[in-house]
Amino acid sequence: MVAGRRGKDVLQQLAEEIDGAFSLCDIAQRSDVVALSTAARESLGGVDIAVNATGWGLLRSFLDTTVEDIDTMTAIQLRGPFVFFQEMVRAMTGGGSIIQISSVVATIMANDHAIYMGTKAATDHIIRIVAHEFGDRGIRANSISPGLTSTPMASGFMDAAACFLPHFPLGRIGSADDIAAAAVFLASDECFMTGENLQVNGGFHLRRNPSREEMAAYGLNFSSMPK
């Protein structure tokens, strides 16, 4: 079962490729999440693996972050995931694996990213709660924390890759395949792990994000990048 808030044709195509099903779902809308869970139970008989990969890459200074920004980000990255975890637990009748795509900035600092960072960190803690409360049902719950990763949401940062590279001990920017490989492991029956946050970011979490001064040396303004 694949889901997203838009792009019905793309979702349908992917579902056909994997011989699965699809559902339109805006994670900020509880009714959509409940409908997704219901559709999974009706079409698949239940849920074994659930991955939440929603996010909003807002860049806004701390003092300029509005109440509307806070409400929107919370709906997408905290309230919505909370409801998603609830519904997936209800649909997991024989155990399963819940995977939250978090971010390295839930742990390390970044400029102009406060509400994004705060909601990701909060959701990581909710994952630990799910792991604690439902382990006796055979349900595992873990987070994956990428760093800068080559994805459409991060496209505005790719021109700054050279500025970020010194902060990656493994010497390269992450890829979607890196994150997918970690998710496959967490979803597998061989994974004896729950309540953890895997730092799948080439060691970026050991160092830091570039400073404003370092960004400026590359002619970049972090807060003016595409939102």
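Screening Ala122 on (1) touching a strand residue (DSSP E or B) at 6+ places or on another chain (Cβ under 9 Å); (2) surrounded by fewer than 21 Cβ atoms within 10 Å (Cβ to Cβ) shows it passes everything except condition (1).
Kindly indicate whether Ala160 is among the small types (Gly, Ala, Ser), closer than 27 Å to Met73 by Cα, modelled with pLDDT under 95 and over 20 Å from the mean Cα position of the chain (by Cα). Yes; evaluated as a whole, the condition is true for this residue. Only one of the numbered conditions (1) outside the structural domain of Gly20 (by TED's automatic domain parsing); (2) closer than 30 Å to Gly138 by Cβ is violated by Gly57, and that is (2). Screening Val67 against (1) touching a helix residue (DSSP H, G or I) at 6+ places or on another chain (Cβ under 6 Å); (2) without any contact (Cβ under 8 Å) to a residue 12 or more places away in the chain leaves a single unmet condition, (1).
Listed by first and then second residue, the pairs with beta-carbon distance under 8 Å, at least 6 apart or on different chains, first residue in region 189-202 and within 22 Å of Ala176 (Cβ to Cβ), second in a loop (DSSP other than H, G, I, E, B) and of a type in the set (Phe, Trp, Tyr), are Asn201/Phe168; Gly202/Phe168.
Scanning region 117-176 for residues being within 23 Å of Thr65 (Cβ to Cβ) and among the small types (Gly, Ala, Ser) gives a total of 9. For His132, the conditions (1) surrounded by fewer than 21 Cβ atoms within 10 Å (Cβ to Cβ); (2) farther than 24 Å from Gly46 by Cα; (3) in contact (Cβ under 8 Å) with a residue 60 or more places away in the chain are fulfilled apart from (2). Using the structure shown, decide if Phe168 is without any contact (Cβ under 8 Å) to a residue 40 or more places away in the chain, loosely packed, with under 14 Cβ neighbours inside 10 Å and farther than 14 Å from Ala53 by Cα. Criteria not met by Phe168. Filtering Ala160, Ala217 for residues that are in the same structural domain as Thr66 (by TED's automatic domain parsing) and surrounded by 13 or more Cβ atoms within 10 Å (Cβ to Cβ) leaves a single hit, Ala160.
Only strands (runs of 3 or more DSSP E) whose full extent lies in region 16-128 are considered here, and the ones with at least 1 residues that are of a type outside the set (Asp, Glu) and at positive phi are 96-101. Among the residues of region 175-194, those that are in contact with a helix residue (DSSP H, G or I) (Cβ under 8 Å, 6 or more places away or on another chain) and either surrounded by fewer than 17 Cβ atoms within 10 Å (Cβ to Cβ) or at pLDDT below 95 (or both) comprise Cys191, Met193. Residue check, His113 against (1) surrounded by 21 or more Cβ atoms within 10 Å (Cβ to Cβ); (2) at pLDDT 95 or above, all met but one. Which one? Tallying (1) surrounded by 21 or more Cβ atoms within 10 Å (Cβ to Cβ); (2) at pLDDT 95 or above, His113 fails exactly one: (2). For beta carbons closer than 8 Å, sequence separation of 6+ or different chains, a first residue in region 31-56 that is touching a residue at least 60 places away in the same chain (Cβ under 8 Å) and a second that is of a type in the set (Ser, Thr, Tyr) and in a helix (DSSP H, G or I), the qualifying pairs are Gly55/Tyr116; Trp56/Thr72; Trp56/Tyr116.
The values are calculated or read from the model by the stated rules, or taken from the named source; none is laboratory data. Treat the numbers as computed from the prediction; the structure is a model and nothing was measured. Using ideal geometry, Cβ is built from the backbone for each residue, glycine included, and neighbour counts are taken over all protein chains shown.
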